[in-house]
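K.L.:
Structure incoming, see below.
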Ligand SMILES: CC(C)(COP(=O)(O)OP(=O)(O)OC[C@H]1O[C@@H](n2cnc3c(N)ncnc32)[C@H](O)[C@@H]1OP(=O)(O)O)[C@@H](O)C(=O)NCCC(=O)NCCS
């Protein structure tokens, strides 16, 4: 509400605080005074629309303001023909089949909450849950609390007060457990999940064990009742479901398949349940603390709800499978595994992603004996220091200060401490939603750039202790490693931009050009590393240290796999940047008018995340323009494109031959194969479209219909994300408009 | 201007869905600096048609009272409101002068005639005249007409914002730079109520972007009221 204050000056904020403090203190004895008259009189002194606000009144407050008695904004508004409170007696006995329906409805609402709907539109709309959560209700949390109705002993009453109540208690406790897990990890409020409790507590006085105890009682009672067997079994299956779910959340059980098994039983008996929609109402929102306008209860589709439950179970199982000891020992395999998890289709929900984060970051160590610090060291060693004593973990244990190994290890350690958080983010950020992965990686680029500057100094310090040169060339291991990571993150931001449709078709030429530029830099880093590795191996062979030799050979395989992959990607990006450039040039991709845009400013806007780099800055616009104008005719470009796709294919063929250990895709063999296959298909598609372009341009030139290259009568469309062979590699569809 | 328009807006909503054909003479005016013009009810009605949830009167006043000169209206020859754009202009986190297009709507029967495009042009021109460095806005990823308008004028998509709107829809943030060197301008984070500490903000030096801030906000587990909840524009039902 806008403050109307006539002595409006800078002391408004102070006055407000004082007033709020006073009203808070006098809370014990509220004195109610009708201010309508005073308010009216004061308001009349202002012209309509006069906004009286202090500087703390922001857009946020404006958006949060409600208009009293507007039915779309005021959740307390009661239409004339309606009642304020739902007219449903939660203590009333119900048919066991009706209880079945309520349970299933709750199951649907619960997964809706997992899916991002607030509790106020899901679980809290259950009048039974609402009664249990009533602020005055206390342990043991009965439904008949506060009402004069006493509980009877008939089956229809027991099924409410024993069975449904136990189910609701456990379900509410499950929400508390889920919240706990999610809130300990990274997630984005509202966009991933809504944690808001609307002023309610989730059965504060009751533990999950207590809730499970109630389930047990209900289970025991069921066989003694006169409820028809099929219905009794169905009720029991639902109790079993919620029991299993809570036990999984408390880690008393750990195989989420147990839950899918029960789900199948539940699905089979859902038809027994006749709807009783009056047991739910969005009128509960009137009692909830919230500044959001009234919102309708989520509509549950039973089949969809079951499917989502199944997906959540499978995602959770996958999270376990992708973090086995084997995988966690290799930083690169683990990274691939986390990406594989993020790219499950449909994407795992917030709980499943928090579950994965808990496995990864919940404890000091990953599994038995690996820490992220160890992973970082392995990562550095594998890329730039295999066979070098510098990366030998034993060095870190030497305590003689005069020992150069000790000195180097300390320098390394200091550096690794500095990069550690950002390194963890490579793993953690991939557990976020897709849009956030791109945006947080975009942030990472600047951080890595400053770390690269730190690395330059670290390398100088290390070199002063033990020179690492091959002839005149310095190894600069830390600089190489950081730069490599930075380039990789830059690549991902571009690829994710393509995947999330951030670039328009006419921008793809520039983006694939930049991508090929980055891949080129990445390739030269790999080459640099390979040269040093060979040099080191020639020395290590002399020493005949088998551990060192093995380490070198393994790194050599890894570097070869990186080279092969980067070469394939580079060929693809060259093919695509040239193809898109020529398609834009012949107006097959329609340029936009962009009246207010200036070329340089567009470049700055597009390159914002990469512009600030001080180490190895990206090329200026002029370089792109020069490259663009250096491209030859349509025919020549088609020639390059064809050659590049051929190259890409042969690199992919080579990559396929590498084992999971060599190329570090342990645990994600299937995904690796699938991705290579998608890239191969992309190659084929580019080749097909290229020959189509060639055919059309030659044909139209012969027909004389093309007055200039600018008007070939060709149209190229860009398939939307989701309908591409690979979402990162866009193949334009070329056809004739004549 | 006149009280008639207010009545038209409230009394004749049924005409709204009929496609108006043939030549229509449209003229454009500024909301101006009058503190509350008689156009407000009509503006409100036009915009709320396309929203799944209404804005309170304060949201309109927030913009119109402070930036009435950046609000433009399209009127037909009987002075009925058929299109409107609502904007603001202020420094973005102590950095660039950022124009922001908060609302844009054309009455449905009048769409596809370039009205919205003209309104955006007028707003952009005015912002340029007021020395804006950049202009930003958000729009739903599947609001094709809206994306077309802005992209045709030179706006670029810079971010995809997952489930940005209250109805769960995802948005693009679009940006148009009006001056060179904007990415190099330093911005400062909004003042979050950091739970503990000395009041200084835990950031690296150098330019800050809202993502970094949001990431830190998320890690601190505080609600990101400054950016996340500005779910302002066009929770449009038309294109979902
Ligand atoms: C978006 C909106 C303001 C456009 O108004 P308008 O006056 O019709 O816009 P214009 O006529 O200036 O331009 C619309 C553009 O979209 C295109 N367009 C219009 N309707 C379209 C449709 N149904 N499908 C595809 N494109 C369409 C037009 O061809 C034009 O593009 P062009 O210049 O390349 O030809 C209007 O549709 C509206 O009020 N929508 C609801 C509110 C909203 O979404 N606001 C925008 C949020 S910031």
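K.L.:
Can you find a residue in the range A:655-667 that is closer than 21 Å to residue A:568 by Cβ and loosely packed, with under 14 Cβ neighbours inside 10 Å?
P.N.:
yes
K.L.:
Further question on the same structure: Which residue, of B:94, B:109, is assigned to a helix (DSSP H, G or I) and either within 16 Å of the ligand (Cβ to nearest atom) or more than 14 Å from chain A (Cβ to nearest Cβ) (or both)?
P.N.:
B:109
Listed here are the residues, each with its yes/no results for (1) under 22 Å from residue A:727 (Cα atoms); (2) modelled with pLDDT under 95.
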position: A:432; (1), (2): yes, no
position: A:439; (1), (2): yes, no
position: A:466; (1), (2): no, yes
position: A:476; (1), (2): no, no
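K.L.:
Determine, yes or no, whether residue B:101 is within 16 Å of the ligand (Cβ to nearest atom), touching a residue at least 24 places away in the same chain (Cβ under 8 Å), away from chain A (no Cβ under 14 Å) and under 15 Å from residue B:127 (Cα atoms).
P.N.:
Criteria not met by residue B:101.
K.L.:
Could you list, in sequence order, the residues of the range A:188-200 that are facing chain B (nearest Cβ under 7 Å) and either modelled with pLDDT of 95 or more or out of contact with any strand residue (DSSP E or B) (no Cβ under 8 Å at 6 or more places or on another chain) (or both)?
P.N.:
If the condition is that a residue be facing chain B (nearest Cβ under 7 Å) and either modelled with pLDDT of 95 or more or out of contact with any strand residue (DSSP E or B) (no Cβ under 8 Å at 6 or more places or on another chain) (or both), then A:188, A:189, A:190 are the ones that fit.
K.L.:
Would you say residue A:549 is more than 33 Å from the chain's Cα centre (by Cα), in the same structural domain as residue A:651 (by TED's automatic domain parsing) and either part of a loop (DSSP other than H, G, I, E, B) or under 30 Å from residue A:515 (Cα atoms) (or both)? Write out each step before concluding.
P.N.:
On the way: more than 33 Å from the chain's Cα centre (by Cα): yes; in the same structural domain as residue A:651 (by TED's automatic domain parsing): yes; either part of a loop (DSSP other than H, G, I, E, B) or under 30 Å from residue A:515 (Cα atoms) (or both): no.
It is false that residue A:549 is more than 33 Å from the chain's Cα centre (by Cα), in the same structural domain as residue A:651 (by TED's automatic domain parsing) and either part of a loop (DSSP other than H, G, I, E, B) or under 30 Å from residue A:515 (Cα atoms) (or both).
K.L.:
Mind telling me which of the residues A:614, A:641 ends up being touching a helix residue (DSSP H, G or I) at 6+ places or on another chain (Cβ under 8 Å), within 14 Å of chain B (Cβ to nearest Cβ) and either surrounded by fewer than 15 Cβ atoms within 10 Å (Cβ to Cβ) or touching a residue at least 24 places away in the same chain (Cβ under 8 Å) (or both)? Full working, then the answer.
P.N.:
Working: A:641 fails: within 14 Å of chain B (Cβ to nearest Cβ).
Checking each option against the conditions leaves just A:614.
K.L.:
Continuing with the same structure: Out of A:533, A:583, I need the residue that is part of a helix (DSSP H, G or I), touching a strand residue (DSSP E or B) at 6+ places or on another chain (Cβ under 9 Å) and more than 18 Å from residue A:497 (Cβ to Cβ). Which one?
P.N.:
A:583 is the lone residue from the list that is part of a helix (DSSP H, G or I), touching a strand residue (DSSP E or B) at 6+ places or on another chain (Cβ under 9 Å) and more than 18 Å from residue A:497 (Cβ to Cβ).
K.L.:
Restricting the range B:112-122 to residues that are crowded, with 21+ Cβ neighbours inside 10 Å and more than 7 Å from the ligand (Cβ to nearest atom), which is nearest to the other protein chains (Cβ to nearest Cβ)?
P.N.:
The qualifying residue nearest to the other protein chains (Cβ to nearest Cβ) is B:120.
K.L.:
Collect the residues in the range B:152-169 that are buried (at least 19 other Cβ atoms within 10 Å of the Cβ) and within 15 Å of the ligand (Cβ to nearest atom), keeping them in residue-number order.
P.N.:
Scanning the range B:152-169 gives B:153, B:154, B:155, B:157, B:161, B:164, B:165, B:169.
K.L.:
Could we say that residue B:77 is within 29 Å of residue A:53 (Cα to Cα), surrounded by fewer than 20 Cβ atoms within 10 Å (Cβ to Cβ), away from every other protein chain (no Cβ under 13 Å) and away from the ligand (no atom under 11 Å from the Cβ) here?
P.N.:
On the way: within 29 Å of residue A:53 (Cα to Cα): no; surrounded by fewer than 20 Cβ atoms within 10 Å (Cβ to Cβ): yes; away from every other protein chain (no Cβ under 13 Å): yes; away from the ligand (no atom under 11 Å from the Cβ): yes.
It is false that residue B:77 is within 29 Å of residue A:53 (Cα to Cα), surrounded by fewer than 20 Cβ atoms within 10 Å (Cβ to Cβ), away from every other protein chain (no Cβ under 13 Å) and away from the ligand (no atom under 11 Å from the Cβ).
K.L.:
Take residue A:43 and tell me if it is assigned to a helix (DSSP H, G or I), modelled with pLDDT of 80 or more, in contact with a helix residue (DSSP H, G or I) (Cβ under 8 Å, 6 or more places away or on another chain) and within 14 Å of chain B (Cβ to nearest Cβ).
P.N.:
No: the conditions fail for residue A:43.
K.L.:
Now, a different point. Within the range A:331-395, which helices (runs of 4 or more DSSP H) (wholly inside it) include 2 or more residues that are under 24 Å from residue A:192 (Cβ atoms) and under 24 Å from the mean Cα position of the chain (by Cα)?
P.N.:
A:331-342, A:350-361
K.L.:
Name every residue in the range A:396-441 that is without any contact (Cβ under 8 Å) to a residue 12 or more places away in the chain and either within 18 Å of residue A:331 (Cα to Cα) or within 14 Å of chain B (Cβ to nearest Cβ) (or both), in order of residue number.
P.N.:
A:417, A:421, A:439
K.L.:
Among residues belonging to the range B:137-149 that are under 14 Å from the mean Cα position of the chain (by Cα) and part of a helix (DSSP H, G or I), point out the one that is farthest from the ligand (Cβ to nearest atom).
P.N.:
B:147
K.L.:
Still on this structure, I have one more. Please tell me if residue B:134 is within 8 Å of the ligand (Cβ to nearest atom) and on the phi < 0 side of the Ramachandran plot.
P.N.:
no
K.L.:
Within the range B:52-72, work out how many residues are within 24 Å of residue B:125 (Cβ to Cβ) and either more than 8 Å from chain A (Cβ to nearest Cβ) or touching a helix residue (DSSP H, G or I) at 6+ places or on another chain (Cβ under 9 Å) (or both).
P.N.:
Residues that pass the stated criteria total 10.
K.L.:
Would you mind telling me which numbered condition in (1) on the phi < 0 side of the Ramachandran plot; (2) at pLDDT below 90 residue B:22 fails?
P.N.:
That leaves (1) as the condition not met.
K.L.:
Still on this structure: Being at pLDDT 90 or above and outside the structural domain of residue A:124 (by TED's automatic domain parsing) is true for just one of A:86, A:79, A:71, A:48. Which residue is that?
P.N.:
A:86
K.L.:
Another question, then. Please go through the range A:271-312 and give me each residue that is buried (at least 18 other Cβ atoms within 10 Å of the Cβ), assigned by TED's automatic domain parsing to the domain that holds residue A:196 and assigned to a helix (DSSP H, G or I), ordered by number.
P.N.:
A:279, A:283, A:284, A:285, A:287
K.L.:
Criterion first (part of a loop (DSSP other than H, G, I, E, B), within 13 Å of chain A (Cβ to nearest Cβ) and either out of contact with any helix residue (DSSP H, G or I) (no Cβ under 8 Å at 6 or more places or on another chain) or over 25 Å from residue A:192 (Cβ atoms) (or both)) does residue B:152 satisfy it?
P.N.:
Values: part of a loop (DSSP other than H, G, I, E, B): no; within 13 Å of chain A (Cβ to nearest Cβ): yes; either out of contact with any helix residue (DSSP H, G or I) (no Cβ under 8 Å at 6 or more places or on another chain) or over 25 Å from residue A:192 (Cβ atoms) (or both): yes.
Here the answer is no, as residue B:152 does not meet what is asked.
K.L.:
Then there is this: For the range A:65-84: of the residues being in contact with a helix residue (DSSP H, G or I) (Cβ under 8 Å, 6 or more places away or on another chain) and under 17 Å from residue A:292 (Cβ atoms), which is farthest from the other protein chains (Cβ to nearest Cβ)?
P.N.:
That would be A:76.
K.L.:
Among the residues of the range A:173-185, are any farther than 30 Å from residue A:426 by Cα, away from every other protein chain (no Cβ under 13 Å) and in contact with a helix residue (DSSP H, G or I) (Cβ under 9 Å, 6 or more places away or on another chain)?
P.N.:
Yes, the conditions are met somewhere in the range A:173-185.
K.L.:
Among the numbered criteria (1) more than 11 Å from the ligand (Cβ to nearest atom); (2) modelled with pLDDT under 95; (3) buried (at least 17 other Cβ atoms within 10 Å of the Cβ), which one does residue B:126 miss?
P.N.:
If we test residue B:126 against (1) more than 11 Å from the ligand (Cβ to nearest atom); (2) modelled with pLDDT under 95; (3) buried (at least 17 other Cβ atoms within 10 Å of the Cβ), just (2) comes out false.
K.L.:
Would you check which residues across the range A:191-215 are touching a residue at least 24 places away in the same chain (Cβ under 8 Å), in a loop (DSSP other than H, G, I, E, B) and either at negative phi or crowded, with 18+ Cβ neighbours inside 10 Å (or both) and list them?
P.N.:
Matches in the range A:191-215: A:191, A:192, A:194, A:196, A:197, A:200, A:201, A:202, A:203, A:205, A:206, A:207.
The values are calculated or read from the model by the stated rules, or taken from the named source; none is laboratory data. Not measured: the values here are computed from a predicted model. Positions of Cβ are generated from backbone atoms using ideal geometry, with glycine treated the same way; all protein chains shown enter the neighbour counts.
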